[in-house]
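I have placed the structure first, in the form of structure tokens, so that the comments after it can refer back to it.
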Amino acid sequence: MRTAMRTQVGIVGAGPAGLVLAHLLQRRGIESVVLENRSRDYVEKRVRAGVLEYGTVQLLTETGVGDRLRREGLVHTGVELRFDGQGHRIPFDELTGGRSITVYGQQEVVKDLIRARLEAGAPLLFGVADVSLHGVDSPTPSIRFRADGQDQELQCDVIAGCDGFHGVSRDSVPAGVLTGYERAYPFAWLGILAKAPPSSEELIYTYHERGFALHSMRSPQVTRLYLQCDPDDELAAWPDERIWDELHARLATRDGFTLTEGPVLEKGITGMRSVVLEPMQYGRLFLAGDAAHIVPATGAKGLNLAVADVWVLARGLAEFYRTGSAAELDRYSATCLRRIWRGQHFSWWMTSMLHRFRGDDEFGHRLQLSQLAYVTSSRAAATTLAENYVGLPLG
Ligand SMILES: Cc1cc2nc3c(=O)[nH]c(=O)nc-3n(C[C@H](O)[C@H](O)[C@H](O)COP(=O)(O)OP(=O)(O)OC[C@H]3O[C@@H](n4cnc5c(N)ncnc54)[C@H](O)[C@@H]3O)c2cc1C
């Protein structure tokens with residue numbers, strides 16, 4: 001026996017995409033239920049992205065979940081590109097009419113959204129199992145799952161597949177409907193979180209003959225650092241001393257940059273891939289965020305694209321429930337894909353400019369240096385980087 005429930009929008013996944021969607025729908029008076037297979041504690045501690053575009057910050061603030069973000073987020077008006085032992089600042093505010101980015105951990109965004117939803121008494125179920133989607137090509141789709149030892153069925157008008165790249169929503173689309181476009185990169189990122197004050201006020205993207213390095217931060221006490229590594233590397237091959245040695249070597253400048261070390265709180269290796277699945281809709285199922293696309297982290301676009309997708313979806317659903325018209329919903333995929341491909345291009349471009357490619361010769365190295373010199377000396381080229389990095393307007 002299954003217990004049956006009903007809602008307007010069934011949302012699979014309580015990552016940024018699912019939680020922002022639920023929040024936007026609630027503000028428009030549209031009911032939803034969010035189903036998450038992990039525990040609340042797990043999703044609130046999952047360390048991932050940390051750079052919020054200008055439009056993402058505005059959206060969260062204007063919809064009432066930005067108080068802590070405004071208080072604790074670190075507003076950055078520029079970023080440093082470092083190569084050939086020298087740093088060069090790209091001033092976002094000057095180049096984009098006053099725009100900036102905010103450094104605020106993805107897990108903090110997730111915590112704020114979960115708290116807001118639970119305080120509002122809206123349904124968000126953690127630790128559900130065996131999630132499966134049914135009838136997605138009919139007007140009455142449903143989600144089956146197991147919670148509290150009980151088989152349940154959630155009947156809905158629409159399902160939002162916000163369950164990330166390894167979720168189940170995508171598999172409910174019949175074979176042959178989705179086309180995948182993909183690029184794999186021959187390197188990965190080794191990321192650490194260190195209990196050490198940041199060594200610079202801004203992010204530093206470094207191109208070095210030994211490979212890419214990124215200096216970032218999560219708070220005035222915690223630094224986030226990344227190193228380009230081999231995709232087959234095991235964490236065991238990277239004891240803390242080796243990581244710090246490599247970071248010192250790659251981030252070094254001719255004028256004596258000092259990197260502050262501290263205890264490593266977390267360590268992980270993430271592969272680099274670009275993937276887009278088209279279309280992002282099948283019947284009454286809408287895919288959003290990582291469920292439909294992945295970007296290499298160099299452009300800091302993953303979380304921001306997820307938020308932009310569900311902003312478009314919430315607008316379409318609002319029109320659907322207000323007027324009965326699915327016209328806006330039917331444009332969901334095409335509207336999102338324009339921004340996604342821009343984000344893909346930017347992320348691929350930043351990745352190509354800043355990493356060493358296996359087998360790269362001196363010719364390739366000199367081309368990369370030339371590109372970096374151009375981006376940091378031409379106002380037009382720097383503006384291209386700045387406006388993409390702070391994020392194009394939502395729309
Ligand atoms: C390891 C890692 C590191 C990253 N680091 C960076 C970074 O440094 N910088 C950056 O810009 N971006 C980074 N990203 C990308 C960024 O974090 C993602 O783009 C962002 O999380 C996308 O949000 P989402 O809500 O679409 O997906 P997710 O955040 O993946 O959320 C999906 C949710 O669905 C849940 N779920 C999965 N399967 C099911 C199921 N069957 N039933 C119910 N729930 C399910 C998951 O537990 C999860 O909570 C990283 C991504 C990963 C995976």
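The values are calculated or read from the model by the stated rules, or taken from the named source; none is laboratory data. For clarity, every value in this text was computed on a predicted model and none was experimentally measured. Ideal geometry is used to build each Cβ from the backbone, glycine not excepted, and the neighbour counts take in all protein chains shown.
Against the conditions (1) away from the ligand (no atom under 16 Å from the Cβ); (2) out of contact with any helix residue (DSSP H, G or I) (no Cβ under 9 Å at 6 or more places or on another chain); (3) in contact (Cβ under 8 Å) with a residue 40 or more places away in the chain, His248 satisfies every one except (3). Selection of the range 167-198 for residues being under 23 Å from Gln107 (Cβ atoms) and more than 16 Å from the ligand (Cβ to nearest atom) yields Lys195, Ala196, Pro197.
Would you please list the contacts, defined by Cβ atoms under 8 Å and residues six or more apart or on different chains, that run from a residue in the range 181-209 that is basic (Lys, Arg) to a residue that is surrounded by fewer than 13 Cβ atoms within 10 Å (Cβ to Cβ)? The qualifying pairs are Lys195/Gln221; Lys195/Pro263. Looking only at residues in the range 289-320 that are within 19 Å of Val20 (Cα to Cα) and touching a strand residue (DSSP E or B) at 6+ places or on another chain (Cβ under 6 Å), the one that is nearest to the ligand (Cβ to nearest atom) is Ala300.
Checking each residue in the range 150-173 for being free of Cβ contacts under 8 Å to residues at least 60 places away in the same chain and more than 30 Å from Ser352 (Cβ to Cβ) picks out only Asp171.
Among the residues making up the range 312-328, those that are surrounded by fewer than 20 Cβ atoms within 10 Å (Cβ to Cβ) and either within 24 Å of the chain's Cα centre (by Cα) or of a type in the set (S, T, N, Q) (or both) are Arg315, Thr323, Ser325. Would you check if there is a residue in the range 74-85 being away from the ligand (no atom under 16 Å from the Cβ), acidic (Asp, Glu), more than 19 Å from Ala314 (Cα to Cα) and out of contact with any helix residue (DSSP H, G or I) (no Cβ under 9 Å at 6 or more places or on another chain)? Checked against the condition, which is being away from the ligand (no atom under 16 Å from the Cβ), acidic (Asp, Glu), more than 19 Å from Ala314 (Cα to Cα) and out of contact with any helix residue (DSSP H, G or I) (no Cβ under 9 Å at 6 or more places or on another chain), the range 74-85 yields at least one hit. Any chance the range 122-131 includes a residue that's more than 16 Å from the ligand (Cβ to nearest atom), without any contact (Cβ under 8 Å) to a residue 24 or more places away in the chain and part of a loop (DSSP other than H, G, I, E, B)? There is no residue in the range 122-131 that is more than 16 Å from the ligand (Cβ to nearest atom), without any contact (Cβ under 8 Å) to a residue 24 or more places away in the chain and part of a loop (DSSP other than H, G, I, E, B). Screening Tyr226 on (1) within 16 Å of the ligand (Cβ to nearest atom); (2) closer than 17 Å to Ser200 by Cα; (3) over 17 Å from the mean Cα position of the chain (by Cα) shows it passes everything except condition (3). Scoring Met5 on the criteria (1) modelled with pLDDT of 95 or more; (2) buried (at least 22 other Cβ atoms within 10 Å of the Cβ); (3) not basic (Lys, Arg) leaves a single failure, condition (2).
Restricting Leu81, Leu69 to those that are buried (at least 18 other Cβ atoms within 10 Å of the Cβ), touching a residue at least 12 places away in the same chain (Cβ under 8 Å) and assigned to a strand (DSSP E or B) reduces the list to Leu81. Looking only at residues in the range 30-71 that are touching a Ser or Thr at 6+ places or on another chain (Cβ under 7 Å) and β-branched (Val, Ile, Thr), the one that is nearest to Leu392 (Cα to Cα) is Val57.
Per the conditions (1) touching a residue at least 60 places away in the same chain (Cβ under 8 Å); (2) of a type in the set (Asp, Glu); (3) over 30 Å from Gln228 (Cα atoms), the sole criterion not satisfied by Glu119 is (1). Considered as a group, the residues in the range 10-38 that are buried (at least 20 other Cβ atoms within 10 Å of the Cβ) and of a type in the set (S, T, N, Q) include one that is farthest from the ligand (Cβ to nearest atom), and that residue is Ser32.
Counting only strands (runs of 3 or more DSSP E) that sit wholly inside the range 168-278, those with at least 2 residues that are modelled with pLDDT of 95 or more, of a type in the set (Ser, Thr, Tyr) and surrounded by fewer than 18 Cβ atoms within 10 Å (Cβ to Cβ) are 179-194. In the range 374-395, which residue that is assigned to a helix (DSSP H, G or I) and β-branched (Val, Ile, Thr) is nearest to Arg315 (Cα to Cα)? The extreme case among them is Val390. Where residues in the range 39-63 are more than 15 Å from Leu113 (Cβ to Cβ) and surrounded by 15 or more Cβ atoms within 10 Å (Cβ to Cβ), which of them is farthest from the ligand (Cβ to nearest atom)? Among them, the one singled out is Gln58. If you check Pro139 against the conditions, is it in a loop (DSSP other than H, G, I, E, B), of a type outside the set (Val, Ile, Thr) and within 16 Å of the ligand (Cβ to nearest atom)? So Pro139 does not fit the description; no. Looking at Val43, Val34, Val51, just one residue is among the hydrophobic types (A, V, I, L, M, F, W, C) and touching a Phe, Trp or Tyr at 6+ places or on another chain (Cβ under 8 Å), and that residue is Val43. May I ask you to list the residues in the range 154-188 that are among the small types (Gly, Ala, Ser) and within 21 Å of the chain's Cα centre (by Cα)? Answer for the range 154-188, where residues must be among the small types (Gly, Ala, Ser) and within 21 Å of the chain's Cα centre (by Cα): Ala160, Gly161, Gly164, Gly167, Ser169, Gly180, Ala184, Ala188.
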